[in-house]
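Right, one structure below, let's go through it.
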Amino acid sequence: MPKTIEELTVQETVKKIEHVLNENPGPIQGVQAAYQYDITDEEYSFQLHLNDGSAKVVENFKERADCVILISYPNFKKMLLGKLNGTAAFMMGKLKVKGDVGKALKVEALLREYNMADHF
């Protein structure tokens, strides 16, 4: 039986995101961006590279991201499941953004199109 999102490590969660995006590349067609997530309570960072219909999670990155999103793992999971709105999280201080805020809003909208709750 597959693990629920509550049972997954942050690394397993991000690999699942990569898999889900690549299974259905439609929403990320034409998107060229590198998003960095700093999972603050896990001391874990990864980048999500979107390249015209392809998604790749990069853990040992050297490239500079278009924007950096700082968030705790519990809040990251809530956002993936649609239980936490990114703008509200930002306003409440549960999420911080460095760099292009517009790109941060775009990645949240893209991930929402995938209904991640259906995949966890």
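In the full protein context, the chain carries 56 Å² of accessible surface per residue, based on a 1.4 Å probe and ignoring ligands, DNA and RNA. For the chain, the mean residue ellipticity at 222 nm estimated from helices alone is -10000 deg cm²/dmol, where every DSSP H run of n ≥ 4 contributes -39500 (n - 2.57) and the total is divided by all residues, rounded to the nearest 500. Could you tell me whether the stretch 1-73 comes out rounded, prolate or oblate from its Cα gyration tensor? Rule is a ≥ b ≥ c as square roots of the eigenvalues, rounded for a/c under 1.5, then prolate if a/b exceeds b/c, otherwise oblate. Verdict is oblate for the stretch 1-73.
The calculated FRET efficiency for the pair LYS98 and LYS3, based on their C-beta separation and a Förster distance of 22 Å, comes to about 0.10. When the label point is put 7 Å from the Cα of LEU70 along its Cα-to-beta-carbon vector, which residues of the stretch 22-49 have a backbone N closer than 16 Å? Under 16 Å, as judged by backbone N against the label point of LEU70, lie 36-46 of the stretch 22-49.
With 26 Å as the limit on Cα-Cα distance, the pairs of LYS3/LYS96; LYS83/LYS103; LYS56/LYS78; LYS56/LYS106; LYS3/LYS103 that go past it are LYS3/LYS96; LYS3/LYS103. Taking only protein heavy atoms and a 1.4 Å probe, the accessible area of the chain is 50% carbon and sulfur.
For a test of the definition: using alpha carbon positions, the gyration tensor, and the 1.5 limit on a/c, classify the stretch 10-120 as rounded, prolate or oblate. Because its axes are fairly even, with a/c under 1.5, the stretch 10-120 counts as rounded.
The values are calculated or read from the model by the stated rules, or taken from the named source; none is laboratory data. Computed from a predicted structure; not experimentally measured. FYI the Cβ positions are ideal-geometry reconstructions off the backbone, even for glycines, and counts take in every protein chain you see. Keep in mind that these areas ignore ligands, DNA and RNA; they rest on the heavy atoms of the full protein, side chains included. Shrake-Rupley method; radii C 1.70, N 1.55, O 1.52, S 1.80 Å.
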